[in-house]
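S.K.: Supplied in structure tokens, the structure appears directly below.
The values are calculated or read from the model by the stated rules, or taken from the named source; none is laboratory data. From a predicted model like this one, the values you see are computed outputs, not experimental measurements. Here Cβ is always computed from backbone atoms with ideal geometry, including for glycine, and neighbour counts include all displayed protein chains.
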């Protein structure tokens, strides 16, 4: 979890005022006077309220008692690196910075003797500290984990154990054991560690079925070093995309999760792990009821590979992709704005070799619908290299099937540098178009450069800007304004009101659906 400052706990107290009801008039008394000899007032205390038993409220006590022995605290020690993510996502970090103290300062002797323990130079003063190289600063982090086998395999987060020199597992009964890191996967933020010499370790099962939004979850972990902490909530949402991850498919939960809960499990009411806590959203560093967990299906797939081989391999398709907007769907004749639009296949990639083209819309993989670009990335990443998949592709107004044998992601070749074309001998003058763009042939490469954009045009509304390059219109390459207008007219002749434009900005290629209404003419 992102590192936060631990604020002092605030305790709320409650006071009660006893009210006594007087006989006859219902008068309330906080004090009683002595009764007269003629009449003695009888004071009757208010009846004690007994609330009816609530039979429908969930009781997690039996569940917690059953699963807690499998949940552990993880203490990590290691050497800090400049790019270490522990400072952002690990447990509490402590660093003490003190100024150089004068010789007559009352704490000078103390810092000379114990300064090294607080990051200072120790005896010998500043001169000696500068004379010898400084050792890497040590850190200590705390997280959570849970056992998934009787022989000692434990799941946690990658960010909990990365850069670790020593990993200590603290069990629910207080027993401590040293663990070794079996494997980590930064892309999903998962890791597996193992304690040796055990054969009957209490462990829990990863759920086989997907958890639904609204279901109860119980989180168990080690927030702020307070091991064995239990909180409860519900699944707030599914399929969350955090930090641009193309490999996770995160659950959002509202159970209280804080620093140190990283790597801890979320249980359903059957005692199965439905998620592994990995991050929180917080404007102030504390819990605000928005936490994210890696779903069990991803955990099962990744940890299985880590245990088997110590690393994770993923399928590789080799395409640049983007979401299909409503405008883009209209421009290519798709009924629904769904799927992943191929901006460019990587040269010599599996997709390129199979015939996938720029402008194709991948709508399904092995018959399963693709909702957007992220969905396609996760689907392909979830398959093994050398797996044959069938892509359903929308091209030229109709659907077709393409068979692709996936490669290995780590073997992905970097896109080759674009070859520079020789500049034209006589650059053409910028010319206006029917859609509010003023274009000129690109003397430094392919397509047309935008020289001006009519601020009142649809092109301006869709984000076209001066300096952008128009590469294609309606899947036709354009190198002159005449080519551009011909392609736009072809869209109109086909009865469509939106043109699919392939554009490039700062080396990034995207497709944009550009309305071509009569008002633009």
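S.K.: Hey, any hits in the stretch 339-362 for a residue that's under 30 Å from residue 495 (Cβ atoms), out of contact with any strand residue (DSSP E or B) (no Cβ under 8 Å at 6 or more places or on another chain) and outside the structural domain of residue 511 (by TED's automatic domain parsing)? Step through it out loud before you land on a result.
M.R.: Residues of the stretch 339-362 under 30 Å from residue 495 (Cβ atoms): 339-345, 355-362.
Checking which are out of contact with any strand residue (DSSP E or B) (no Cβ under 8 Å at 6 or more places or on another chain) leaves us with none.
No, the conditions are met nowhere in the stretch 339-362.
S.K.: Further question: Go through the stretch 339-384 and count every residue that is under 24 Å from the mean Cα position of the chain (by Cα) and assigned to a loop (DSSP other than H, G, I, E, B).
M.R.: 7
S.K.: I want to confirm something. Restricting to the stretch 129-166 and keeping residues that are touching a strand residue (DSSP E or B) at 6+ places or on another chain (Cβ under 6 Å) and not in a strand (DSSP E or B), which single residue is modelled with the lowest pLDDT?
M.R.: 136
S.K.: Hey, among 257, 217, which residue is under 22 Å from residue 272 (Cβ atoms) and at pLDDT 95 or above?
M.R.: 217
S.K.: What are the residue pairs meeting all of these: first residue in the stretch 61-88, first residue farther than 14 Å from residue 159 by Cα, second residue part of a helix (DSSP H, G or I) and modelled with pLDDT under 95, Cβ atoms under 9 Å, and 6 or more apart or on different chains?
M.R.: Listed by first residue and then by second, the contacts come to 73/225.
S.K.: Which numbered condition trips up residue 445, out of (1) at pLDDT 90 or above; (2) farther than 14 Å from residue 501 by Cα?
M.R.: Failing condition for residue 445: (1).
S.K.: Determine the pairs where a residue that is in the same structural domain as residue 150 (by TED's automatic domain parsing) and within 17 Å of residue 148 (Cβ to Cβ), located within the stretch 199-222, has a partner that is surrounded by fewer than 12 Cβ atoms within 10 Å (Cβ to Cβ) and at pLDDT below 95 with Cβ atoms under 7 Å apart, the partner being 6 or more residues away or on another chain.
M.R.: none
S.K.: Going by the conditions given, is residue 498 over 19 Å from residue 341 (Cβ atoms) and either crowded, with 19+ Cβ neighbours inside 10 Å or assigned by TED's automatic domain parsing to the domain that holds residue 394 (or both)?
M.R.: Spelling it out, it is not the case that residue 498 is over 19 Å from residue 341 (Cβ atoms) and either crowded, with 19+ Cβ neighbours inside 10 Å or assigned by TED's automatic domain parsing to the domain that holds residue 394 (or both).
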